[in-house]
Amino acid sequence: MTRMTRMTRMTPAKMMTRASLLLLALGGVVGACAAADTSSDTGASGAPQVCVPGHQTICACFGGTDGIQQCLADGSGLGECDCGISSGSGGNGGSMPCGDGTCAMDENCHTCEADCKKCEPCELAPSCKNAFVPPLDPPNAAEFNIAKMEWLSREKLQARLVKFVAEAGPAMRVVAASLDVHARADEHPLVTELRRVFAADRKAHAALVSELGKAGMGSPASFRAAHPERRGSLPPMTVLGEFDAPPGGTVECGAPLLRIGVASVKVYEEDDDIGNDEVYCVIQAEAMTGAEVRITPKTKPLDEDEVYNFALESGVFWGQKGPLSPAGNLIVTYDCIESDTGDGYQKLVDSIGNAATKVGDVVPGDNGWIFTTVGAIAPIVSSGLSLNGDDQLFNAQQIIPLDKQLELTNGRYWTVRRAGTHNFSDWDWELRIQAWGCAEFGTL
């Protein structure tokens, strides 16, 4: 199991380690210069001294980390590069290597077994060997159940758009720039591709400009001038350092790595009393390590009390490519639609995902995308449109807290249920969500 991708954090202890190493490096240089000025000096072995005995300097280790080299006792040269260092301080204030007999602050049972003893087995989470498939019949995580709530009204949709516009986040800036008909020479390729998507669907373009304008955007060009989008090259994802604490996990287990997906949808009462309900969902998951979007397949027509089960890989909306650490709270937004047309909103969102895939801004999947930079723009588009012929009935949002994620790796399910009245017809739908995963050093 390779080390997971996470956001970079530099702890105070790590900054002290870097500072100590730099001081050691300067000491080694000064020592070397002193040795050069006294080239006639010899060590106990009679060999000429090339460094000051006992002085230390930094050296390069595998993976780009730093180690320590110490001048040999006779001054004849430097010893081997020791890469098992920590930020624990010795008597002279320097960093001490692994094997000094002290389990320092930045050492643990994985990075320095010699000082910190062997790790206890992780008994809180499964190993990652078979983590792609959920366990059978998992228990209910009742605290995550969302009870039956009312339909998302027009007023609430407008409030949602006002919030997107006021925050002017990266996704909102991309949407506004894409709606601006005037291309710029230095704009990001994603903006150019999305503009083509909206140009091919004039109804969607007009609806978005109108609704976002009412929400405070004004014209796309004016919003873009006030809130320019990111341009040029995109920053790469970064990783945590070797000694950074696993977010949401334990020293023995490591960080929790999750997969979460929608397992089924149940129609207790259908909205379309004549043709029954054909349902699909756009589900967005956002965390520190990125954002993922899943469009579920459209169900068959569902009558009262009928259930549609999604295939495993067509329902996963977090960890689409494999178990992944959120490295913080995970925010999940559910938007489910009753399909009245064969190509409405589903086709538009599919075009958006394909456009982002074309410029390399996302990792594509089967009706799912992993956004690496600007995040998912689907909630903005779904709120701004009159759904292009389809009826958005079901909206909910929940937070999966970091301190609950290790427990979820063992397999849990919960339900999200919404109900309301639309066009004089009552409806009542329920999603069943399943979560599972592993920990980096899990053993169950």
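The values are calculated or read from the model by the stated rules, or taken from the named source; none is laboratory data. Everything quoted here is computed from the prediction, not taken from an experiment. All Cβ positions, even for glycine, are placed from backbone atoms using ideal geometry, and neighbour counts span all protein chains on display.
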Note on residue 113: of the conditions (1) of a type in the set (D, E, K, R); (2) in contact with a strand residue (DSSP E or B) (Cβ under 9 Å, 6 or more places away or on another chain); (3) modelled with pLDDT of 80 or more, unmet is (2)
Quick one: in the range 201-235, of everything that is charged (D, E, K, R) and part of a loop (DSSP other than H, G, I, E, B), which residue is modelled with the lowest pLDDT?
231
Mind telling me which of the residues 402, 393 ends up being among the hydrophobic types (A, V, I, L, M, F, W, C), under 25 Å from the mean Cα position of the chain (by Cα) and more than 15 Å from residue 134 (Cβ to Cβ)?
402
Exactly one of 141, 215, 206 is exposed (fewer than 14 other Cβ atoms within 10 Å of the Cβ) and out of contact with any Pro (no Cβ under 9 Å at 6 or more places or on another chain), and that residue is 206
Residue check, residue 125 outside the structural domain of residue 255 (by TED's automatic domain parsing), modelled with pLDDT of 90 or more and in contact with an Asp or Glu (Cβ under 8 Å, 6 or more places away or on another chain)
no
What pairs come up if the first residue lies in the range 278-289 and is among the acidic types (Asp, Glu), the second is buried (at least 24 other Cβ atoms within 10 Å of the Cβ), and their beta carbons are under 7 Å apart, counting only those six or more places apart or on different chains?
278/338
In the range 302-336, anything crowded, with 17+ Cβ neighbours inside 10 Å and either farther than 14 Å from residue 284 by Cα or without any contact (Cβ under 8 Å) to a residue 40 or more places away in the chain (or both) is listed as 302, 308, 310, 323, 324, 325, 327, 328
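Conditions tested, residue by residue: (1) in contact with a helix residue (DSSP H, G or I) (Cβ under 6 Å, 6 or more places away or on another chain); (2) within 25 Å of residue 406 (Cβ to Cβ); (3) at pLDDT below 75.
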position: 298; (1), (2), (3): no, no, no
position: 301; (1), (2), (3): no, no, no
position: 305; (1), (2), (3): no, no, no
position: 321; (1), (2), (3): no, yes, no
position: 331; (1), (2), (3): no, yes, no
position: 339; (1), (2), (3): no, no, yes
position: 342; (1), (2), (3): no, no, yes
position: 360; (1), (2), (3): no, no, yes
position: 376; (1), (2), (3): no, no, yes
Enumeration of residues in the range 154-168 that are closer than 14 Å to residue 381 by Cβ and within 25 Å of the chain's Cα centre (by Cα)
160, 161, 164, 165
